[in-house]
Amino acid sequence: MVRVGDALRELPSLLAIVGPTGSGKTRLAVEVAEAVGGEIVSADAFAVYRGLDIGTDKPGPELRARVPHHLVDVADPRERFSAGRFATDAADEITDIRARGSTPIVAGGTHFWVRALLVGLFPSPPHDPQLRARLAADWRRDPQATFHRLEHLDPVAAARIGPGDRQRILRALEVYELTGTPLSEHWRRHRPRPRYRSLLVAPAFSRKELYVNIETRVDSMFASGLEEEVRALLASGVPRDAHAMKAIGYGEVARMLEGQIDRATAMDQTKIASRRLAKRQLTWLRSLREGRLHWVPPTGSGGTDAALVLWNDFLREGGRR
């Protein structure tokens, strides 16, 4: 039996269900929560926004009736909900859930947010408005060249961020110019200070199976009214360049509505972006620093029972519940 250090024993235990897009995290989290009397704290960077339902595969009324969900539909899509804000709000929700005698379960695929919650963020330098304005102008002129610059200066950060996340690309370049040190090096140097004794669980699929799931999911998104959802968001005043519109599928549909691409191309580009996201998420999971990751079968193949066995064993190892 694994023994935990005395300091770690004093930390509250926390179950986090993570994994790439299309892996069935939500279903696994709901079934585990039902079995342990739990409540789910969503760690999805776009499910926080009201009005982004179809493209984010947000838990619907039926699932939310089965298990309480937190940090879903809590932000206006015109604003940006940061990792730091998530870490603070999620910690508050976890404390409240425990106070009610329930078990908090963090579930979602925004692994940077999960890391921020479990071990904190490195103390980043303050923003420089003039530098930020210059970088933003560079992005407006040529987003691809701006991202390529980040790839040259900090390939590790660029691989994790991806080419479409304007906000994080500009912040990575800003941190480099302000400190002379790549953002990824700041990540590496950051000494994590665990806030929880955490168990991380993810449903396992082969990459081929995962890509089939993604294809089916994107087809369902478009069939279920993603175009109408994006049209409604834009009509309500959500800016085209709002962070919420960076969610996969929303930018592609917006370009379709603007006449830049047709529907088939929008669907294809959404599938490609989803596969790339899944690949980055798998890379991230292989480099976890905040705890050991346990892979379990999908829910239909015994994943829920496997996760429950891991959780019960984890609690028996020691520490606070």
As an exercise: evaluate residue 296 against (1) modelled with pLDDT of 95 or more; (2) surrounded by fewer than 21 Cβ atoms within 10 Å (Cβ to Cβ) and give the number of the one condition it does not meet.
(2)
Take the residues in region 170-203 that are of a type in the set (Val, Ile, Thr) and farther than 30 Å from residue 317 by Cα, then tell me which one is farthest from the chain's Cα centre (by Cα).
179
Just for region 136-157: of the residues that are buried (at least 19 other Cβ atoms within 10 Å of the Cβ) and not aromatic (Phe, Trp, Tyr), which one is farthest from residue 286 (Cα to Cα)?
146
Would you mind listing the helices (runs of 4 or more DSSP H) fully within region 129-169 where at least 1 residues are within 23 Å of the chain's Cα centre (by Cα)?
143-153, 155-161
Within region 61-72, is even one residue of a type in the set (D, E, K, R) and closer than 13 Å to residue 45 by Cβ?
no
Among the residues of region 8-24, the number that are surrounded by 24 or more Cβ atoms within 10 Å (Cβ to Cβ) and within 14 Å of the chain's Cα centre (by Cα) is 7
Residue by residue through region 267-321, note down the ones that are more than 19 Å from residue 22 (Cβ to Cβ), in a helix (DSSP H, G or I) and of a type in the set (Gly, Ala, Ser).
306
Criterion: without any contact (Cβ under 8 Å) to a residue 24 or more places away in the chain, closer than 29 Å to residue 88 by Cα and part of a loop (DSSP other than H, G, I, E, B) - qualifying residue of 240, 193
240
Test of understanding: among 160, 197, which residue is touching a Leu at 6+ places or on another chain (Cβ under 7 Å), closer than 30 Å to residue 311 by Cβ, basic (Lys, Arg) and surrounded by 19 or more Cβ atoms within 10 Å (Cβ to Cβ)?
197
For region 51-74, which residues satisfy the criterion of being free of Cβ contacts under 8 Å to residues at least 60 places away in the same chain and crowded, with 18+ Cβ neighbours inside 10 Å?
58, 59, 67, 69, 70, 71, 72
Residues of region 158-181 being touching a residue at least 12 places away in the same chain (Cβ under 8 Å) and either assigned by TED's automatic domain parsing to the domain that holds residue 83 or under 17 Å from residue 283 (Cβ atoms) (or both), which ones?
158, 159, 160, 162, 163, 164, 165, 172
Considering only residues of region 102-120 that are under 15 Å from the mean Cα position of the chain (by Cα) and outside any helix (DSSP H, G or I), which is surrounded by the fewest Cβ atoms within 10 Å (Cβ to Cβ)?
110
Complete set of residues in region 1-47 that are at pLDDT below 90 and either within 19 Å of residue 105 (Cβ to Cβ) or not in a loop (DSSP other than H, G, I, E, B) (or both):
6, 7, 8, 9, 11
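The values are calculated or read from the model by the stated rules, or taken from the named source; none is laboratory data. Treat the numbers as computed from the prediction; the structure is a model and nothing was measured. Reconstructed Cβ throughout: ideal geometry from the backbone, glycine too, with neighbour counts over all protein chains shown.
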